[in-house]
Amino acid sequence: MDLRGRERDEAGAEVGKALEAIQRINEQIQEIDTQRESIRTAQAQTLQQASVSVDQMLHQGRYDVQLHADQISLQQTLGQLNQELERRREKLVSAEAEVKRLERLRETQLAEHRSMEAKQEQAEADDLTSARVLMRRRAMAAQSKETRR
């Protein structure tokens, strides 16, 4: 039971790690969104200016494309992490079910043991009572014989 409890605890820790990794990826995706929005804003401002630098616009465009590629890669990683999280959750649920099953088994066995002990104690008490009754009858019979003499 201790082993199953440790397995359950380890599975819970693994779920926690997966959730943390997902949170980090989500933060990175948000950061890229912010950077891309910043680039779009800068491009819009550049277009409104009288002199437009083509090199600067190309550089910003390439940077935006690279950020978009990074974002797609992170989203794929996020999908894989979500699958892994689901697998770890299933493992945790399975481990928790096993621990509960073992706890119920222990409780059932303990109840059976107590019941058997109670039956044994009752049988011993019945034997003692029977022995006392038999001893009294013998004593009364012996007393009865002595009084007749």
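If we scan segment 39-51, do we find a residue that is under 30 Å from Asp9 (Cα atoms) and open to solvent by less than 80 Å² (accessible area, probe 1.4 Å)?
Going through segment 39-51, the residues under 30 Å from Asp9 (Cα atoms) turn out to be none.
No.
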Among the residues of segment 101-123, how many are open to solvent by 100 Å² or more (accessible area, probe 1.4 Å) and without any contact (Cβ under 8 Å) to a residue 12 or more places away in the chain?
-> 11
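Quick check on this structure: which one of Leu78, Leu67, Leu85 is within 30 Å of Leu102 (Cβ to Cβ) and assigned to a helix (DSSP H, G or I)? Steps first, answer last, please.
Numbers: Leu78 fails: within 30 Å of Leu102 (Cβ to Cβ); Leu67 fails: within 30 Å of Leu102 (Cβ to Cβ).
Among Leu78, Leu67, Leu85, only Leu85 is within 30 Å of Leu102 (Cβ to Cβ) and assigned to a helix (DSSP H, G or I).
The values are calculated or read from the model by the stated rules, or taken from the named source; none is laboratory data. Owing to the predicted nature of the structure, the values given are computational and were not obtained by experimental measurement. Counting neighbours? That spans all protein chains shown, and the Cβs are built from the backbone with ideal geometry, glycine included. The area values use the complete protein model at the heavy-atom level, side chains included, leaving out ligands, DNA and RNA. Shrake-Rupley method; radii C 1.70, N 1.55, O 1.52, S 1.80 Å.
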